[in-house]
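As C-alpha cells, the structure follows; a few thoughts come after it.
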Ligand code: CP
Ligand code: NVA
C-alpha cells in the first residue's frame, strides 16, 4: 500500500510555486519520493483511474510531454496531446471558450505557451486544475523536479547555496521561487540586460522571509559560484527568443559554466540543467557530462514530481 499525504491542493491550479505554501511544496516532494520508490518496486497506485489530462503544447517538448503522458498512464488515467495546429485555439477561438469547454471533458489541463497571461486566463475560466508546463515567466514543474534531485543528493535544503548562471529566464524565476519556499539560498548571476524580472524577484524575496532563504542577484558569475552546493544553467535563447541567438551568445559568453568556473564551487557540488542543453554554449561538455552532473536523474524526476502534482490536484485522496 502506497501512503500518499493529503495536501489539500485538490482542485487548485499550479501556475507558479509562489502560490503554494512552503508546507505544500515540501509535501509534494515527499509524495514524489514515495511515488518514485513505489514505481521502482513495480507498484503503480491507480489514483487517477478514469481521469483525463488535456495537454496543450504551443511549443516543442521532449521531457514535459513524455513525463506527463507516462505519469498519467502510470496513475491509471489518460492524457491527450493537443497541439494548436489541431485545436480551434490555433484558429483564434477565445481562451475563455476553450477553458470552459475542455473543463466539461477533462479533469485537468496542462499548458505550455510563451504567454504567462494566457495561462492565467485559462485558469480563470477553467473549472478544472490548470498546470503551467512552461511559460515565458515560470517553469514550476521543472523546479519541483530540481528540488527533488537536490533533496536526493543533499538530503536537506537548509544551508545550501544554489547558483544559477546565465539568462534570467523562466527557469531562473522558478528556481528563485523554489529556493524561497524550501529555505535554500539562491544566487542568480546574469549579464546586464538579461536579469530576472524585478516583480518576481521581489515576490521570491518576500516568500523567503518565511523560510530564511537568502535570495540575491549579481552580474559577477565567479563571486556567485564561490562555495556553491548546486550550479545550474539553462539555454541562452529560450523558446521565443531564437532570433536573438547571436547577440545573446556575445552577452552571455562570460557566463558559460566551464571547469574553471565550477572549480570555485564546493568540492561536492552538483551540476543541474533543465535540458535541452547546448554543449559549448551555456555549459561545456566536461561539466555537463562530468561526475558532478545529475542531469538525467533530474530529467527522470520530472516524472515523479509531476505525478505528485497530478495526484494532489486531480485525485480525491
Ligand atoms: N526541461 C524541459 O521542460 O524539457 P522539454 O522542453 O523537453 O519538455
Ligand atoms: N528556458 C528554456 C527552458 C526549456 C525547457 C525555454 O524556455 O526554452
Single condition residue 242 does not satisfy, out of (1) more than 16 Å from residue 172 (Cα to Cα); (2) within 16 Å of ligand 2 (Cβ to nearest atom); (3) touching a strand residue (DSSP E or B) at 6+ places or on another chain (Cβ under 9 Å): (3)
Test: residue in segment 31-43 that is at pLDDT 95 or above and under 16 Å from the mean Cα position of the chain (by Cα): yes
Segment 249-287 - residue that is within 15 Å of ligand 2 (Cβ to nearest atom) and either at positive phi or in a helix (DSSP H, G or I) (or both) and, of those, nearest to the chain's Cα centre (by Cα): 275
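Per-residue answers, yes or no, for (1) touching a residue at least 60 places away in the same chain (Cβ under 8 Å); (2) buried (at least 20 other Cβ atoms within 10 Å of the Cβ):
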{"site": "247", "(1), (2)": "no, no"}
{"site": "253", "(1), (2)": "no, no"}
{"site": "264", "(1), (2)": "no, no"}
{"site": "274", "(1), (2)": "yes, yes"}
{"site": "302", "(1), (2)": "yes, yes"}
{"site": "317", "(1), (2)": "yes, no"}
Segment 53-66 - residue that is under 25 Å from residue 101 (Cα atoms) and assigned to a helix (DSSP H, G or I) and, of those, nearest to ligand 2 (Cβ to nearest atom): 64
Qualifying residue in segment 205-227 (condition: assigned to a loop (DSSP other than H, G, I, E, B) and within 16 Å of ligand 1 (Cβ to nearest atom)): no
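The values are calculated or read from the model by the stated rules, or taken from the named source; none is laboratory data. What you see is a predicted model; the values in this text were computed from it and never measured. All Cβ positions, glycine included, derive from the backbone under ideal geometry; neighbour counts span all protein chains shown.
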